[in-house]
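The values are calculated or read from the model by the stated rules, or taken from the named source; none is laboratory data. Just so you know, these numbers come straight off a predicted model, no measurement behind them. Virtual Cβ from ideal backbone geometry, glycine too; neighbours counted across all protein chains shown. Areas reflect the complete protein model, heavy atoms only, side chains present, ligands, DNA and RNA absent. Shrake-Rupley method; radii C 1.70, N 1.55, O 1.52, S 1.80 Å.
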Amino acid sequence: LLQDLSVRWSLKRDDLCGLELSGNKTRKLEFLLAEALDKGHDCVVTVGGLQSNHCRATAVAARMVNLESHLVLLVKDQMLEQDPGLEGNLLLSRLTDATLHLCAASTYRSLGGDLQAADRLNEEMAQQLRRQGKNPYVIPVGGTCPLGTWGYLSAVDELQEQLSPEDPVDHIVVAAGSGGTLAGLALALHLAGGKQQLHGVNIQHEPDVYRKLIASEAMGLGCDETLASAVAGEVQLLSGAGLGYAQSSQLELRCLAEVAKVSGVVLDHVYAGKALYHFCEYAKANPDAFRNSHILFWHTGGLFGLYSQAERLQSLPKRVSSFQPTQPQPKVGEREKK
């Protein structure tokens, strides 16, 4: 990708955080579930889309520490009374005995269709569980909250140890969904005095939503308003929503297929694949800003959700043929016996 600009690519593989967990949510859940256990909760509640990577990771991580998980999943209205099936992330969530609570997407939109709407659905589910005698720990959508953001403060420490001083990174690119990963990276890079330009490719919300969230997360971690505003202002936000959340164009799918073909790295279609495609389109339109640069792409995982796109990926080159081995020739001794 971007060969004409002679860029050098590096990849931060948060998709390799463990097979079942796989993805950026693992870093946040490490802190969030520690608090849930420390405070004596017996289950967790969170919210996301039908193929939510975050909900799947939460279900798996909760089961690993012996907590029940309750997932509020947003579905199309006509699917509300249907079994959602076992495709992609749903298979792992249900294998780990998560309880799925289907909520009509129209209800979410009627509440504002934003992070606050997701928080409200989370809290109403938690209230239902409390009436049943349970003690739920509420995890915000995407694990996005100041405590979860600590996961990406430590991630930047890890990155600094891995980077070579002789070949510094000029740009860091990451998908922005709920925004917690972006907020943690923004604050950590600022505090570390990094010179890299951080690009957040917004998949879900408007740029102002992310800037406010970054500032809010920074203040939640003890920064004053001036510092929080400076951190939020340093991030370059690029549009990457395309056709809409979890809706992929053929160009986006073609990009992630090409990456897999040439590198063996598989991107998901909701976040990482979209982010890389739209960042590259931006770089092509602004070549002087990226020519001969070193770009680090932060792979946030999400492979399991890609299975839901199998039908649309039928256009991939079909390298399939029948194979008929030749009949083995009898050995010399066997010929003589005959």
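Each helix, a run of at least 4 DSSP H residues, gives -39500 (n - 2.57); summed and divided by the residues of the chain, these come to -13000 deg cm²/dmol at 222 nm.
Is the stretch 237-293 best put as rounded, prolate or oblate by its Cα gyration tensor, with a ≥ b ≥ c the root eigenvalues, rounded for a/c under 1.5, and otherwise prolate when a/b is larger than b/c, oblate when not? Because a/c hits 1.5 or more and a/b fails to exceed b/c, the stretch 237-293 counts as oblate.
Tell me, what % of the accessible area of the stretch 238-329 is carbon and sulfur with a 1.4 angstrom probe? Carbon-and-sulfur percentage of accessible area, whole number: 55. Counting only residues at least eight positions apart within a chain, or on another chain, the aspartates and glutamates with an alpha carbon under 20 Å from that of K212 are D114, D119, D224, E225, E234.
Each of Y245, N286, L313 was scored by the projection of its Cα onto the charge dipole of the stretch 242-334, and the greatest displacement toward the positive side belongs to L313; charges sit on the C-beta of Lys, Arg, Asp and Glu.
Here r is the Cβ-Cβ distance between Q116 and Q324 and R0 is 56 Å; the resulting FRET efficiency, rounded to 0.05, is 0.35. Could you point to the label whose value was computed as Rg/Rh (Cα atoms, Kirkwood Rh) for the structure here, given (1) 1.04; (2) 1.06; (3) 0.97? Identified label for the calculated read-out: (2). Solvent exposure of the stretch 199-306, expressed per residue, is 42 Å² of accessible area, with all protein chains present and a 1.4 angstrom probe.
Ordered from highest to lowest accessible area with the whole protein assembly present and a 1.4 Å probe, F304, F290 read as F304, F290.
Considering only GluC sites (Glu not before Pro) in DSSP loops that have at most 13 other Cβ atoms within 10 Å, the longest stretch of the chain without any of them is 167-310.
Backbone amide hydrogens, once placed in the peptide plane, bring H294 within less than 5 Å of R8, D170, H171, excluding anything fewer than 5 places away on its chain. Accessible area per residue was computed with a 1.4 Å probe on protein heavy atoms; M125 scores about 20 Å². Rounded to the nearest Hz, the phi-derived 3J(HN,Hα) couplings of the stretch 78-95 under the Karplus curve 6.51 cos²θ - 1.76 cosθ + 1.60 (θ = phi - 60°) are 6, 9, 4, 9, 9, 5, x, x, 10, 8, x, 4, 4, 4, 5, 4, 6, 4, where x marks glycine and proline. Out of all DSSP beta bridges with both ends in the chain, state the antiparallel percent to the nearest 5. Here the antiparallel bridges make up roughly 5 percent for the chain.
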